């Protein structure tokens, strides 16, 4: 049992570490864009992408697994 808990703790630490590194990379990219004066341009391009992603996530959460687009083919059949 102790080995399992150690593995879970290591896994949690790796996930948290990856999230922190990702946040630092995003912050650094935003800082570079701001210094070069292109942050507004990047926001303008990223805005529709983020909105579309949120809409897709909302559809997926509302519909559940039975209506997920990946579970059916193009014509609506499995």
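FYI, it's all coordinate maths here, none of it is from the lab. It should be emphasised that the depicted structure is a prediction, and the values quoted were computed from it without experimental measurement. Cβ: placed from backbone, ideal geometry, glycine included. Neighbour counts: every protein chain shown.
Multiplying each eigenvalue of the alpha-carbon gyration tensor of the stretch 2-65 by 5 and taking the square root yields semi-axes of 32, 24, 4 Å, largest first, rounded to whole angstroms.
For the pair residue 25 and residue 4, what calculated FRET efficiency results from E = 1/(1 + (r/R0)^6), where r is the Cβ-Cβ distance and R0 = 25 Å, to the nearest 0.05?
E(calc), rounded to 0.05, equals 0.20.
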